[in-house]
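Have a look at the structure below, then the notes.
The values are calculated or read from the model by the stated rules, or taken from the named source; none is laboratory data. A quick note: this is a predicted structure, and the numbers were derived from the prediction, not measured. Cβ coordinates were reconstructed from backbone atoms using ideal geometry, including for glycine residues, and neighbour counts include every protein chain displayed. SASA here: full protein model, heavy atoms, side chains in, ligands and nucleic acids out. Shrake-Rupley method; radii C 1.70, N 1.55, O 1.52, S 1.80 Å.
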Amino acid sequence: MLGFIYIMSNPAHPDLLKIGQTSKDPLVRRKDLSTTGVPEEFVIEYQALVSDYRRQEIYIHQRLNKVRHSSRKEFFSISIPEAINTIREQFTSSK
């Protein structure tokens, strides 16, 4: 099943990135997230269209577990380039 893995930042939380998945266009997901009471809108930093996006998200989150802000949230203390590299490495290793 095709879907997106995305990285989003939010100026209200400059040290955290949201790394998640969606079957929708990430622009639609960004709008959804921006209506949840956050003081500033999310910014899409990266997106990739991938197969089996739900499973890929699980693997990416496992790889980033040491920098995860909370076990129940999809926020990570990691730079954008490091997050992108982790995602791309996951796609390369899963082929």
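Numerical summary
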read-out	value
Pairs with Cβ under 8 Å, 6+ apart, first in the stretch 8-31 and surrounded by 13 or more Cβ atoms within 10 Å (Cβ to Cβ), second among the basic types (Lys, Arg) and assigned to a strand (DSSP E or B)	Met8/Lys18; Ser9/Lys18; Asn10/Lys18
All positions within the stretch 71-89 that are more than 13 Å from the chain's Cα centre (by Cα) and surrounded by 12 or more Cβ atoms within 10 Å (Cβ to Cβ)	Glu89
Residue that is nearest to the chain's Cα centre (by Cα), among those in the stretch 41-70 that are farther than 22 Å from Phe91 by Cα and open to solvent by 90 Å² or more (accessible area, probe 1.4 Å)	His69
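Conditions (1) in contact with a strand residue (DSSP E or B) (Cβ under 7 Å, 6 or more places away or on another chain); (2) farther than 15 Å from Ile5 by Cα; (3) not basic (Lys, Arg), marked per residue:
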position: Val28; (1), (2), (3): no, no, yes
position: Tyr46; (1), (2), (3): yes, no, yes
position: Ser51; (1), (2), (3): yes, no, yes
position: Tyr59; (1), (2), (3): no, no, yes
position: Phe75; (1), (2), (3): yes, no, yes
position: Ser79; (1), (2), (3): no, yes, yes
position: Gln90; (1), (2), (3): no, no, yes
